[in-house]
1. Just want to confirm a number: the relative contact order over region 10-107, from Cα pairs under 8 angstrom separated by 6+ residues, in percent.
2. Carbon and sulfur: what percent of the chain's accessible surface (1.4 Å probe)?
3. Determine the gain in length on full extension of the stretch ASN109-ASN7; use 0.36 nm per residue of separation and subtract their C-alpha separation, reporting nm with one decimal.
4. Once amide H atoms are built 1.01 Å from N in the peptide plane, which residues 5 or more positions from ASP25, or in another chain, come under 5 Å H to H?
5. Just checking my list (i) -0.97, -1.20; (ii) -1.00, -1.09; (iii) -0.89, -1.07 against log10 I(q)/I(0) by the Debye sum over Cα atoms at q = 0.17, 0.19 Å⁻¹ computed from this structure; which label fits?
6. What does the accessible area per residue of the chain come to in Å², with a 1.4 Å probe and no ligands, DNA or RNA counted?
Amino acid sequence: MTTLKANRTAQYPLVAEFTFNVTDDMVAANGAVTGFKAAAGVFDVIALPPNAVVTGGDVTVETASNESGTATIAVGDSATPARYLGATSIKAAGRTPLVPTGYRGTGQNLRITLANQNANATAGKVSVRVEYIVTGRAQETQYA
């Protein structure tokens, strides 16, 4: 039988951010360079370590997309593309919080999926922030 002892360690939350311009920026995705303006783009934007648990974060539309049709972003990973945020419009400035699920990752990257109906935007800037902890990591020891 295993004897369990009270945890006396703690860690700081980690925060990573990825910002992109819908109109100008490009990223290598699946071996090809693709622009964020593309009609349907899937991009791995933040590398998360094994055992990462997302505890918070947000998508902030700093400059609204002026796509003539619908323009949305979803946030997830390769297994579940909308794990943390379902398709959400990027056509109005504002902040939308991610919805942590308690999922403990195995090292999947944070992935965004963009759906730009006509791929004709000439404006748009979006930041994706993710806050996470890593199970088993300790930075401080607390004495009782």
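The values are calculated or read from the model by the stated rules, or taken from the named source; none is laboratory data. In this text, all values refer to a predicted model and were calculated from it rather than measured experimentally. Ligands, DNA and RNA are excluded from the accessible area calculation, which covers all protein heavy atoms including side chains. Shrake-Rupley method; radii C 1.70, N 1.55, O 1.52, S 1.80 Å.
1. On the way: 143 pairs, mean separation 27.0, N = 98.
Relative contact order comes out at 28 percent.
2. Here carbon and sulfur together make up 52 percent of the probe-accessible area.
3. Working: separation 102, 0.36 × 102 = 36.72 nm, distance 2.88 nm.
Contour length minus the Cα-Cα distance gives 33.8 nm.
4. Close amide H contacts, sequence-distant or interchain: PHE36.
5. (iii)
6. Details: 7800 Å² over 144 residues.
Spelled out: the 1.4 Å probe surface of the chain, per residue, equals 54 Å².
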